[in-house]
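First up is the structure itself, then whatever we jot down about it.
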Amino acid sequence: MKTLPLSVNPPLFIPFIVAGDPDPDVTIDLALALEEAGADILELGVPYSDPLADGPTIQRAAARALDGGMTLPKAIQLIGEMRKKGVNIPIILFTYYNPVLQLGEESFFALAQENGADGVLIPDLPFEESGSLRELGERFGLPLISLVAPTSKQRIERIASAAQGFLYCVSSLGVTGVRETLPETLGDFLREVKRHSRVPVAVGFGISAPEQVAMLKEVCDGVVVGSALVQKVEQLAPRLQAPDEREAAVAEFAAYARSLAAPLREPCSSR
Amino acid sequence: MMERVPNEYGRFGDFGGKFVPETLMLPLEEIEAELDKALADESFKQEYIRILQHYSGRPTPLTFAPNLTQRLGGAKIYLKREDLNHTGAHKINNAIGQALLAKRMGKKKLIAETGAGQHGVAAATVAAHFGMDCIVFMGEEDIKRQELNVFRMKLLGAEVVPVSSGNRTLKDATNEAIRYWVAHCDDHFYMIGSVVGPHPYPKMVREFQRVIGDEAKEQFLAREGKLPDVIVACVGGGSNAIGMFYPFLQDDVRLVGVEAAGKGIDTPHHAATITKGTKGVIHGAMTYLLQDEYGQILEPYSISAGLDYPGVGPEHAYLASIGRVCYESATDDEAVAAFQLLAQTEGIIPAIESAHAVAKAVELAREMPPDETVLICLSGRGDKDVQTMMRHLGAREGEDIATVR
């Protein structure tokens, strides 16, 4: 099996935002701001009516985006728009499986490639069900990002050794959402995953504070920050959609993202 | 000869499988392994049957419906009386089976989702019986519609968690139950209420519901000396239907599943998933579902909270795709009329879910000769639906309920 690399250098800051939240134009501005703030990879969430792996924050963001008429094809085309407006970092499409099925697996990859996407992550498609999509991903040169969870145990080796792009570690049991604390066993889990992985290992779910980022960079290659940023978008939404306040609101968002990424840019004690 | 389903990947033909977050893969594998051991363990089966007999009152009777038969002037109509189970519906069969499996796995906390509240009540009941904790997720809209069942669950000691996402009905309650399970899978057992969800749930629930069909087959043969010509059951997720149909799949019996047509299958207000849906993934399984062209799941509608679900069990999708079972639908009005007809001819008040099966059976029996037979799976009793009936009949006829005939 091929390793499909992403051209990135750890440590990786991987922010997540939802396409079309609060509207598509704002999403493009937020992507530009995140790149400016030091994002290495952008994870672009496709809103879904029934997001089983997501907590209330991302559920609400999805509902806002769907109310605005966002769809999977439109979200992919939004990547094309981002490329035209100057977003250069790799973009990973985060989508549930059912919208991909309805678009058609091959059409999905073709459209994603055509619009400049760099990879795909499907949270409800476990390794065992992912065969046909992995093949298509290889054909179109788009890695299918795999996830491992604290319950993966003996599955880690199999999943990690076949991982493409980067490997996404779920920090703890549960759905996405800000967590006050992360499990004490997280370090051991991440070291175990790293031992088996040929690609960078990033951790996500619940990461919302610079202190957490500082701690995690010691044991893995990157962090995914989702709900904390989406919550910020939710707070700023009225201003993001007001023409005369948008620039200031985007700057506030960027500053918040930069504060989360900052610990990754400081010299590392054990690396 | 049909192929044996599900296969090792949990597939019924193209349907089924496990489309869940990675976190749940290990819990599902553990349940699968323990289920296979339990089903091969004679003492497990004996314990299950013993509890069904002494706690739930099985075997449930097979009742001939002479007045209804005479009224229609066609085939002889029989009822499999799942309404006479403890807690009033077939749901308890599955709840007892899964509670026994949870106990075997050392799990003492149950998670359940519920629509009308029947599965929630069954889960709360077995939790009390086995000394387990039980947390039931229920949509806020359903909580309003089924106040009595909510209180029943609380009386039984369960915690009922209102779900405010989406349309606040069964689909959303199921989402929330799965999310809670993802966070608590280390010490909780998810007791799903129908033949839906990721593998091995559709298989497990079928195995714990097939007692309906196994009993019915024996009873029918003893009574009529032959198998029924037609069997009819209602289909939401489809657990009573699979339980009834499964033992007859290899026989020369016409099987008819009845979905909820709500206000009509040509309106947007129905829950006729196989009749009108398309292939996709919902709650971890590939099946037919109601969705828009972009794969967003649509909100179903039915007068019956138990049939108000946008997906259907993957085995039903498979049986429809190979043509073994015929899936039809009945509207709210047809179900209400059948509800009244059965109540007034036989003195049996069916659940509004089961009334959908009665409606279709009435239609079929009328056209069949008197030497043929129709068996209806009467999946539950209708006490819980009396208020719904009052509202529906009052709204429709604009007259005093007491004079409704």
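Just so you know, all these numbers are worked out from the coordinates, no wet-lab data involved. None of these values were measured; they are calculated from a predicted model. For neighbour counting, all protein chains shown are included, and Cβ atoms are generated from backbone atoms with ideal geometry for every residue, glycine included.
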Taking only Cα atoms of region B:75-208, the Rg to Rh ratio with Kirkwood Rh works out at 0.97
If one computes P(r) from the Cα atoms of the protein assembly as shown, what percent of pairs lie at distances over 46 Å?
-> 22 percent
Does anything in region B:355-371 have its amide N under 14 Å from the 7 Å Cα→Cβ label point of B:Asp333, and if so which residues?
-> none
Net charge of neighbours whose Cβ lies under 14 Å from the Cβ of A:Phe13, counting Lys and Arg as +1 and Asp and Glu as -1 = -3
Only residues of region A:102-123 count here: report those whose backbone N is under 19 Å from the spot 7 Å along Cα→Cβ of B:Thr278, or say none.
-> A:102-112
When the chain is fully extended, how far beyond the present Cα-Cα distance does A:Glu218 get from A:Arg195, taking 0.36 nm per residue of separation?
-> 6.8 nm
Given labels modelled 7 Å from the Cα in the Cβ direction, how far is it in nm from A:Ser259 to B:Ala343?
-> 6.2 nm
Remind me, relative contact order of region B:173-306 in percent, using alpha carbon pairs under 8 angstrom and six or more residues apart?
-> 19 percent
May I ask you to list the GluC sites (Glu not before Pro) in region B:1-107 that are in a DSSP loop and have at most 13 other Cβ atoms within 10 Å of their Cβ?
-> B:Glu3, B:Glu8
Residue by residue through region A:69-83, the couplings from Karplus 6.51 cos²θ - 1.76 cosθ + 1.60 with θ = phi - 60°, in Hz, x for Gly and Pro, are x, 5, 9, 4, x, 5, 5, 5, 5, 5, 4, x, 4, 4, 4
Of chain A, which part is the longest with no GluC sites (Glu not before Pro) in a loop (DSSP not H, G, I, E, B) and with at most 11 other C-beta atoms within 10 angstrom?
-> A:1-179
Stretched out fully, how many nm does the piece from B:Lys109 to B:Val386 gain, at 0.36 nm a residue minus the Cα gap?
-> 96.5 nm
Amide H neighbours of B:Ile282 at under 5 Å, excluding residues fewer than 5 places away on the same chain, with H built from the backbone geometry, are B:Thr287
One point scatterer per Cα, no solvent, Debye formula: log10 I(q)/I(0) for chain A at q = 0.07, 0.10, 0.11, 0.12 Å⁻¹ comes out as -0.21, -0.45, -0.55, -0.66
Under the definition of Cα pairs under 8 Å and six or more residues apart, what whole-number percent is the relative contact order of chain A?
-> 23 percent
Would you pull out the residues with amide H under 5 Å of B:Gly262's amide H, same chain only if 5 or more places away, H placed 1.01 Å from N?
-> B:Ala271, B:Ile303, B:Asp332
The answer for trypsin sites (Lys or Arg not before Pro) in region A:86-153 that fall in a DSSP coil and have at most 15 neighbouring Cβ atoms within 10 Å is none
So if we plug the beta-carbon distance of A:Asn88 and B:Ala33 into 1/(1 + (r/R0)^6) with R0 = 45 Å, what FRET efficiency do we get, rounded to 0.05?
-> 0.40
How much net charge surrounds B:Ile352 when only other residues with a Cβ under 13 Å from its Cβ are counted (Lys, Arg +1; Asp, Glu -1)?
-> -4
Likely footprinting exposure, A:Asp21, A:Asp40, fewest C-beta neighbours within 10 Å first | A:Asp40, A:Asp21
Proximal lysine pairs in region A:12-265, meaning Cα under 18 Å and 8 or more positions apart or interchain, come to 4
Rounded to the nearest 500 deg cm²/dmol, what is the calculated helix-only ellipticity per residue at 222 nm for chain A, with -39500 (n - 2.57) per DSSP H run of length n ≥ 4?
-> -14000 deg cm²/dmol
Could you list the trypsin sites (Lys or Arg not before Pro) in region B:163-257 that lie in coil according to DSSP, counting only those with at most 14 other Cβ atoms within 10 Å of their Cβ?
-> B:Lys226
In nanometres, what is the gap between the two model label sites at A:Gln154 and B:Leu249, each 7 Å from Cα along Cα-to-Cβ?
-> 2.9 nm
Derived scalar couplings ³J(HN,Hα) [region A:171-183; Karplus, 6.51 cos²θ - 1.76 cosθ + 1.60; whole Hz; x for Gly, Pro] | 5, 7, 5, x, 8, 5, x, 4, 10, 5, 10, 10, x
Two-decimal ratio, region A:74-182, of alpha-carbon radius of gyration to 2.2 N^0.38 Å | 1.13
Rounded to the nearest Å, what's the spacing between the alpha carbon centres of region B:47-100 and region B:349-371? Just the number, please.
-> 16 Å
Derived scalar couplings ³J(HN,Hα) [region A:57-68; Karplus, 6.51 cos²θ - 1.76 cosθ + 1.60; whole Hz; x for Gly, Pro] = 4, 6, 4, 5, 4, 4, 5, 4, 5, 5, 4, x
Kindly work out what percent of the DSSP beta bridges joining two residues of the protein assembly as shown are antiparallel, to the nearest 5.
-> 20 percent
Given H placed 1.01 Å from N in the peptide plane, which residues other than close sequence neighbours of B:Gln291 have an amide H under 5 Å from its amide H?
-> B:Thr278, B:Leu298
Kirkwood-based Rg to Rh ratio, region A:127-222, C-alpha trace | 0.98
Let me have the 222 nm mean residue ellipticity of chain B computed from DSSP H runs of 4+ only, each contributing -39500 (n - 2.57), with the sum over all residues rounded to the nearest 500.
-> -13000 deg cm²/dmol
In the structure shown, do any of B:Lys37/B:Lys103; B:Lys45/B:Lys171; B:Lys18/B:Lys279 have a Cα-Cα gap over 20 Å, and if so which?
-> B:Lys45/B:Lys171
Alpha-carbon radius of gyration plus Dmax, which is the widest Cα pair, for chain B in Å | 19.6, 58
Selection from A:Phe189, A:Gln235, A:Met82, by position along the positive dipole direction of region A:12-265 (Cβ) = A:Phe189
Computed curve, region B:225-348, Cα-only Debye sum without solvent term, log₁₀ I(q)/I(0) at 0.11, 0.14, 0.23 Å⁻¹, is -0.38, -0.61, -1.32
With label points set 7 Å from each Cα along the Cα-to-Cβ direction at B:His184 and B:Glu8, the distance between them in nm comes to 3.5 nm
Grab the other residues whose beta carbon is less than 12 angstrom from that of B:Thr169, score K and R as +1, D and E as -1, and report the net.
-> -4
